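Here's the structure, in structure tokens; my notes come after.
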Amino acid sequence: MTNTSDSSTPAIEAAAALGLDHEVTPIPRVRSLEEAAAALDIEPRQVTKTIVVRLGEGDYRFVLVPGDRQIAWPKLRTLLGVNRCTMPSADEALELTGYARGTITPLGSTTAWPVIADERVTGRVNVGAGAHGLGLMVDGEALVAALGATVADVTDPA
């Protein structure tokens, strides 16, 4: 395991506890996912977004989405067997996960929910580290396995 920063967050601690080989990556202030990818010297698809979706009262999932893609709501609803999914407000997401939007990750979240990973979360990816200005570079397949994620085609090109 490599840790190139003295920073620690619940996400970084969870990655270590899961035995994930990871690198803490500082991310400068950026205005877009593309800028973040360029700052990390990776492709936009390697920036993995974590989206919180609500299926019903108290029923949530984390969805891992490659940076160059977006959730395909019909595909996700079909996978989950529901007619409707919504996203919580930023304040609700913070309350539920302990992380602000832009830093959300299933790693170390204050609430553990099932994880769905788009089938394209593969190879070297960067996920939220639970704090602005930090990411975690990990192997996508190892992350998916460590989280016990359901892998499916749940996205479309952005």
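Here, each number is a calculation from the coordinates, and none is a lab measurement. The shown structure was predicted, so the numbers you read here are calculated from the model rather than taken from an experiment. Here Cβ is always computed from backbone atoms with ideal geometry, including for glycine, and neighbour counts include all displayed protein chains.
Tabulated values for the structure
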quantity: Residue match in the range 137-155 (condition: surrounded by 21 or more Cβ atoms within 10 Å (Cβ to Cβ), of a type in the set (Ser, Thr, Tyr) and touching a residue at least 40 places away in the same chain (Cβ under 8 Å)); calculated: yes
quantity: The range 129-153, subset touching a Lys or Arg at 6+ places or on another chain (Cβ under 7 Å) and part of a strand (DSSP E or B), residue farthest from Asp118 (Cα to Cα); calculated: Met137
quantity: Counted residues, the range 46-83 - those being farther than 26 Å from Thr122 by Cβ and free of Cβ contacts under 8 Å to residues at least 12 places away in the same chain; calculated: 4
quantity: Residues being in contact with a Gly (Cβ under 6 Å, 6 or more places away or on another chain) and within 15 Å of Ala37 (Cβ to Cβ) - total across the range 122-152; calculated: 4
